[in-house]
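Beneath this line is the structure, given in structure tokens, with notes to follow.
The values are calculated or read from the model by the stated rules, or taken from the named source; none is laboratory data. Just so we're clear, the structure is a prediction, and the values are computed from it rather than from any experiment. Methodologically, a virtual Cβ is constructed for each residue, glycine included, from the backbone with ideal geometry; neighbour enumeration extends over all protein chains shown. With ligands, DNA and RNA removed, areas are computed over all heavy atoms of the protein, side chains included. Shrake-Rupley method; radii C 1.70, N 1.55, O 1.52, S 1.80 Å.
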Amino acid sequence: QVQLVESGGGLVQTGGSLRLSCAASGRTFNAYSMGWFRQTPGKDREFVAAISMIGDNTRYADSLTGRFTVSRDHAKNTMYLQMNNLEPEDTAVYSCAVRMRMGFTTLSDGYDYWGQGTQVTVSP
């Protein structure tokens, strides 16, 4: 079992920045990658970014490259999402997830454990 807890969400104005954190605990040593997804009401969960547990390889949604940066602190077992130049369209619940199987994926069903999510609201 792996437990994930997100934090760092909130209300920010257009053009502002936020840094989300995802603290992992439990059997994280078996994890292969971690990812960030976001979801708004009535829409499917959308891939944001992912990072591998070995080598820290990263992948981003094409539309977000350059504004969002994913990183990990191995010692703290925590993944981060730095979000800059935020836009109202970035408003969503952001959730982190961990993949326990080999491989690296942008598909939400490729992840095995999820956090509860944190709300990000960007005002015009």
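Of the conditions (1) within 18 Å of Ala92 (Cβ to Cβ); (2) surrounded by fewer than 16 Cβ atoms within 10 Å (Cβ to Cβ), Arg45 fails just one. Which one is it?
(2)
Take the residues of segment 66-91 that are assigned to a loop (DSSP other than H, G, I, E, B) and under 22 Å from Thr40 (Cβ atoms): which is least open to solvent (accessible area, probe 1.4 Å)?
Per the criteria, the residue is Leu86.
For segment 92-104: of the residues being within 13 Å of the chain's Cα centre (by Cα) and over 19 Å from Thr40 (Cβ atoms), which is surrounded by the most Cβ atoms within 10 Å (Cβ to Cβ)?
Here the residue is Val98.
Give me the residue from segment 48-65 that is of a type outside the set (A, V, I, L, M, F, W, C) and in contact (Cβ under 8 Å) with a residue 24 or more places away in the chain and, out of that set, least open to solvent (accessible area, probe 1.4 Å).
Ser52
Hey, Ala31 hits all of (1) open to solvent by less than 40 Å² (accessible area, probe 1.4 Å); (2) at pLDDT 95 or above but one; which does it fall short on?
Looking at each condition in turn, Ala31 falls short on (2).
Out of the residues in segment 105-124 meeting the condition of being among the aromatic types (Phe, Trp, Tyr) and either at pLDDT below 95 or crowded, with 18+ Cβ neighbours inside 10 Å (or both), tell me which one is farthest from Leu4 (Cα to Cα).
The residue in question is Tyr111.
Glu6 fails exactly one of the following numbered conditions: (1) open to solvent by 50 Å² or more (accessible area, probe 1.4 Å); (2) on the phi < 0 side of the Ramachandran plot. What is the number of that condition?
For Glu6, the failing item is (1).
Being in a strand (DSSP E or B) and surrounded by fewer than 16 Cβ atoms within 10 Å (Cβ to Cβ) is the filter here, so list the residues in segment 9-28 that pass it.
Within segment 9-28, Gly10, Leu11, Gln13, Arg19, Ser25, Gly26 meet the criteria.
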